[in-house]
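Reading through the structure tokens given below for one structure.
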Amino acid sequence: MELSEDSLRGLQRLADPAQFSPRAFGAVLRAAFLSLSLSPDQAAHPAVDDTVFQHIPPCHIKECQAAATMFILEAVRNTIDRAALSTFLEDCKFDKERTEHFWTEYQKHRESLEILLENIGRTPPHVSDVSWRLAYEIKTNQLYKTHRPSYLVKFNLESPDTSQAKDISFNCSMEQLQDLVGKLKDAAKGLERTSQM
Amino acid sequence: MRPEPLHAQTPVRRHVEASVHESERCWKEDMNGGFSTRCRGQHLLVALSPARSVWYPVGTRAAHVCRTCATLMLTLLESLGRIAVEFLRKGSNPKVYEGAARKLEVSSTTVQQAVEGLTYLLSESSKLLISDIDFQDSVLVLGFSEELNKVLLQLYLEHRKEIRRILSELQPNLPHYHNLEWRLDVQLASRSLRHQIKPTVTMKLHLEENSELKTSVLQTDPATLIHMIQELEQALAEMKTNHCRRIVRNIK
């Protein structure tokens, strides 16, 4: 895990009890985690005018929050364990108490951050649900006495890229639906076998 | 041009008669420049060309054209029947008319009319899925010999299934299921997150619309896959419920 010099400097500053009181440290850390878990338009900025930050220049607060955020992201990205996290923070002059505090907060947010990072990148639209409708076809203007079931199937799609996430609907006869279900079942069976290996 | 008054009312006969009246009215309107789209839609038969886009009129000529056939010999009817079936498969082919016309020593227009008449008879009968007896009743009024009628019946029975298949392609075209391919993946890492274990099912869904294939690549997770299977199995099972069976039994 590598961090830029700016980030390292920010972390070292954050570790310094002379600059950041325990309360100020907690506030910066909270803001860093919040800014990652909230959507961009509601991102939490540390309250610069908050009383806990009274004696700290705003540019330092910003620098420290950015550094903490970078560190959190890198840690989640590389799935580092407690030992590695502690070593890294100790190298940045974090004391035991602050390292402990960091680890507790990190544990709380790790899972949601992993999901967040997992969803970054290009993937095909994700099928999230399926709905269906059954009709019995009687006749058309071209053909009488057709008498057959006809299904309308809709796949609900989700995609990070909203332009792609258009639901797919299609018609199918009973045989075609059986074919579709058969193939999906094959896939499910394959999945089950693989998971047992 | 008008057929004889029809005595027994069988479905095809009724339809042919109605078509003839309507088409004549349409032609008259056409002369006056008032050919309405409604008439065009209802009383023109789709020429079943591969492109499925050529429309041509046959209504007026249907009955009288079949009479033209009566003047031809039995074997000729068989060959015309073949041409008619070919017509239904591939669309009209003027060259075939000319070739047949030379052999038969009649004008190619006569051959064309005869083929179109037969085509109409075959496609209309297949569309309505009439029984043997109804078909025989319907052609009886055309005044052919018994043998010719038998040949026509044979032609109808032989090609009914195929013609119905061709007609079914003319239905309003919605995207239709064609095939599904799948692949199992486990996502292991990405730029933004190392060390993942994320099982995914990637699917390629082939849909058919206007005889063109369209594919979409989709992805899902195991839990959703199981859910999809359950839902779609319920859809299939629904057809076997008493409610559906009762409806199906009663629509005959």
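The values are calculated or read from the model by the stated rules, or taken from the named source; none is laboratory data. All figures in this text were calculated on a predicted structure; none of them were measured in a lab. Because the Cβ atoms are built from the backbone with ideal geometry, glycine has one as well, and the counts that use them run over all protein chains shown.
So here's what we get for this one:
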item	result
Which listed residue, of A:144, A:151, is at pLDDT below 90 and of a type in the set (Phe, Trp, Tyr)	A:144
Residues located in the range B:198-252, provided they are closer than 21 Å to residue B:180 by Cα and of a type in the set (Val, Ile, Thr)	B:200, B:201, B:202, B:215, B:217, B:220, B:224, B:226, B:229
Test result for residue A:41, modelled with pLDDT under 85 and either over 20 Å from residue A:106 (Cβ atoms) or in a loop (DSSP other than H, G, I, E, B) (or both)	yes
Any hit, the range A:150-161, residues being surrounded by fewer than 19 Cβ atoms within 10 Å (Cβ to Cβ) and away from chain B (no Cβ under 11 Å)	yes
Evaluation of residue A:118 against (1) within 7 Å of chain B (Cβ to nearest Cβ); (2) in contact (Cβ under 8 Å) with a residue 60 or more places away in the chain (one fails), failing number	(2)
Number of positions in the range A:71-94 that are in contact with a Phe, Trp or Tyr (Cβ under 8 Å, 6 or more places away or on another chain) and of a type in the set (Gly, Ala, Ser)	2
Residues satisfying the stated conditions in the range B:93-133, i.e. more than 14 Å from chain A (Cβ to nearest Cβ), out of contact with any helix residue (DSSP H, G or I) (no Cβ under 8 Å at 6 or more places or on another chain) and not in a helix (DSSP H, G or I)	B:105, B:106
Residue check for residue B:65: surrounded by 22 or more Cβ atoms within 10 Å (Cβ to Cβ) and either part of a helix (DSSP H, G or I) or modelled with pLDDT under 80 (or both)	yes
Selection within the range A:162-182 - surrounded by fewer than 17 Cβ atoms within 10 Å (Cβ to Cβ) and over 28 Å from the mean Cα position of the chain (by Cα)	A:169, A:173, A:174, A:175, A:178, A:179, A:182
Boolean, residue A:101 is more than 11 Å from chain B (Cβ to nearest Cβ), surrounded by 14 or more Cβ atoms within 10 Å (Cβ to Cβ) and more than 25 Å from residue B:192 (Cβ to Cβ)	yes
Answer residue from the range B:205-218, given it is surrounded by fewer than 15 Cβ atoms within 10 Å (Cβ to Cβ) and over 18 Å from residue A:157 (Cα atoms) and is nearest to the other protein chains (Cβ to nearest Cβ) among those	B:209
Evaluation of residue B:202 against (1) at the interface with chain A (Cβ under 7 Å from one of its Cβ atoms); (2) surrounded by 14 or more Cβ atoms within 10 Å (Cβ to Cβ); (3) not in a strand (DSSP E or B) (one fails), failing number	(3)
Criterion: more than 7 Å from chain A (Cβ to nearest Cβ), assigned to a helix (DSSP H, G or I) and on the phi < 0 side of the Ramachandran plot - qualifying residue of B:227, B:178	B:227
Criterion: under 29 Å from residue B:89 (Cβ atoms), touching a His at 6+ places or on another chain (Cβ under 9 Å) and of a type in the set (Ser, Thr, Tyr) - qualifying residue of B:156, B:177	B:177
Criterion violated by residue B:191 - all others in (1) facing chain A (nearest Cβ under 7 Å); (2) part of a helix (DSSP H, G or I); (3) surrounded by fewer than 15 Cβ atoms within 10 Å (Cβ to Cβ); (4) charged (D, E, K, R) satisfied	(2)
First in the range B:133-147 and free of Cβ contacts under 8 Å to residues at least 24 places away in the same chain, second anywhere and β-branched (Val, Ile, Thr), Cβ under 9 Å, 6 or more apart	B:133/B:10
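To keep it simple, each residue is scored yes or no on (1) more than 19 Å from residue B:82 (Cα to Cα); (2) of a type in the set (Phe, Trp, Tyr); (3) surrounded by 12 or more Cβ atoms within 10 Å (Cβ to Cβ).
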{"site": "B:132", "(1), (2), (3)": "yes, no, no"}
{"site": "B:137", "(1), (2), (3)": "yes, no, yes"}
{"site": "B:149", "(1), (2), (3)": "no, no, yes"}
{"site": "B:155", "(1), (2), (3)": "no, no, yes"}
{"site": "B:164", "(1), (2), (3)": "no, no, yes"}
{"site": "B:167", "(1), (2), (3)": "no, no, yes"}
